[in-house]
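Here the structure comes first, spelled out in structure tokens, and everything after it is commentary.
The values are calculated or read from the model by the stated rules, or taken from the named source; none is laboratory data. What you see is a predicted model, and the numbers here were worked out from it, not measured in a lab. When we count neighbours, we look across all protein chains shown, and the Cβ atoms used for this are built from the backbone with ideal geometry, even at glycine. Note: accessible area is taken over every heavy atom of the protein model, side chains too, but ligands, DNA and RNA are not part of it. Shrake-Rupley method; radii C 1.70, N 1.55, O 1.52, S 1.80 Å.
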Amino acid sequence: MTAVRVKGRDGTEQTVDATDGMALMESLRDAGLGVEGTCGGAMSCGTCHVYVAAAWADRLPARSQDEADMIEALADFVELRPTSRLSCQIPVDAGVEGLSVEIAPQV
Ligand code: FES
């Protein structure tokens, strides 16, 4: 397990013990924080959108073109930030211990 700081849509912050070897989306979804992950990580739903803390932006694997395209498609519905990511594309391992994310508004 890897501890990740999460700010929910209601503004409360908590630590989520994310499961190593899986995508962050799955732990956020299982924690009941309103992340649906409808497409199961296929980058086609955008329901796993998070804002990554600026300090972490360059420490995660870069966005693929498919991820960038999905995020861009959310622009009509929610605020995008430079650190917007799909949490289904953030792999969890010890390297993200202490990662801080904010769950984006529901789409
Ligand atoms: S789970 Fe659908 S885009 Fe991430």
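The rows are residues; the columns are (1) assigned to a loop (DSSP other than H, G, I, E, B); (2) exposed (fewer than 15 other Cβ atoms within 10 Å of the Cβ); (3) over 13 Å from the mean Cα position of the chain (by Cα); (4) not hydrophobic (A, V, I, L, M, F, W, C).
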| residue | (1), (2), (3), (4) |
| --- | --- |
| Ala42 | yes, yes, yes, no |
| Gly46 | yes, no, no, yes |
| Val50 | no, no, no, no |
| Ala55 | no, yes, yes, no |
| Asp58 | no, yes, yes, yes |
| Asp66 | no, yes, yes, yes |
| Asp69 | no, yes, yes, yes |
| Phe77 | yes, yes, yes, no |
| Pro82 | yes, yes, yes, yes |
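Return the residue satisfying two criteria in turn: it lies in segment 27-72 and is touching a residue at least 60 places away in the same chain (Cβ under 8 Å) and under 13 Å from Val92 (Cβ atoms), and of such residues it is farthest from the ligand (Cβ to nearest atom).
Taking the candidates together, the pick is Ser27.
Within segment 3-25, count every residue that is near the ligand (Cβ under 10 Å from one of its atoms) and free of Cβ contacts under 8 Å to residues at least 60 places away in the same chain.
0
Quick one: in segment 84-107, of everything that is open to solvent by 30 Å² or more (accessible area, probe 1.4 Å) and in a loop (DSSP other than H, G, I, E, B), which residue is nearest to the ligand (Cβ to nearest atom)? Outline the logic, then answer.
Within segment 84-107, the subset open to solvent by 30 Å² or more (accessible area, probe 1.4 Å) is 89, 91, 93-95, 97-98, 100, 102, 105-107.
Imposing the further condition that a residue be in a loop (DSSP other than H, G, I, E, B) reduces the set to 93, 97-98, 105-107.
Values: Asp93: 18, Glu97: 22, Gly98: 22, Pro105: 15, Gln106: 13, Val107: 10 Å.
Residue satisfying both the conditions and the ranking: Val107.
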